[in-house]
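The values are calculated or read from the model by the stated rules, or taken from the named source; none is laboratory data. Because the structure is a prediction, the values reported are computed rather than measured. Note that each Cβ is placed from the backbone with ideal geometry, even for glycine, and that neighbours are counted across all protein chains shown. Each accessible area value is taken on the protein alone, full model and side chains, heavy atoms only, with ligands, DNA and RNA left out. Shrake-Rupley method; radii C 1.70, N 1.55, O 1.52, S 1.80 Å.
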Amino acid sequence: MILEKPYDRERAVTYAETWALSRNPLFLNFAGRGGDCTNFISQCLLAGGATMNDTRDFGWYYFSPENRAPAWSGVEFLYNFLTGAPEYRQENGGEGPYARPVTFAQGLREGDIIQLANQAGDFYHTLIITAVTPDDFLVCAHTNDALVLEIDHGIGRSQINSDICTLHESYPFPMVSILFLTTCVLLVIHNIL
């Protein structure tokens, strides 16, 4: 029996805005170790009530710097966990937060996640949406710390593209209409107990 626990978007956003420009001492700072962006987003998800899944290698958890899942701090690992990549779902039973890729037209909300990839499809950054305006999303992020930043300024003008972008090639999801990102994944977050 699957029980769905509500994701508290307001708490996730409050956490993001509280810690965007500093570090919570309860978690290792991954700056200088590949970046702190996904670690920060995982903290936001946890603050929003997401349930940890302590399945070794295929779960999503943080107990200490030495005892954590790759999905806690790795951009592509988090994507695989949240979207239920087959090897992850098979190994971890699907417990914890989950997400589905969406288009802008599908109504992203505060607390949802944006993951960025380069032209080759390699993921490199994770951000959390903290506000939605008629023209933009405002985000918080770590590594290049951002507190309620308009996403087109936070990503950089070099990546602005008015064409339709594709998701990472190895995932069989539909095209995503993007007005200003080269390649990205937009994730709507949910939670399973």
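Structure notes:
- Cut-off 19 Å, label 7 Å out along Cα→Cβ of A120, residues of the range 1-40 by amide N: 34-35
- Where labels lie 7 Å past Cα in the beta-carbon direction, separation of V148 and R56 in nm: 4.5
- A simple spin-label model places pseudo-atoms 7 Å from Cα toward Cβ; at N67 and A131 they are separated by 4.0 nm.
- Shown here for the range 61-147: GluC sites (Glu not before Pro) in loop regions (DSSP other than H, G, I, E, B) with at most 11 other Cβ atoms within 10 Å, namely E66.
- Per-residue 3J(HN,Hα) values for the range 45-57, derived from phi via the Karplus relation 6.51 cos²θ - 1.76 cosθ + 1.60 with θ = phi - 60°, read 4, 4, 4, x, x, 4, 8, 5, 10, 8, 6, 4, 6 Hz in sequence order (x marks Gly and Pro).
- Shown for the range 1-149: the carbon plus sulfur share of the solvent-accessible area, taken with all protein chains present and a 1.4 angstrom probe, equals 51%.
- Using the Cβ of F63 as centre and a radius below 12 Å, the other residues enclosed give a net charge of 0, where K and R count +1 and D and E count -1.
- Packing-based order for 35-48, 16-29, 117-130, using average beta carbon neighbours within 10 Å, highest first: 35-48, 117-130, 16-29
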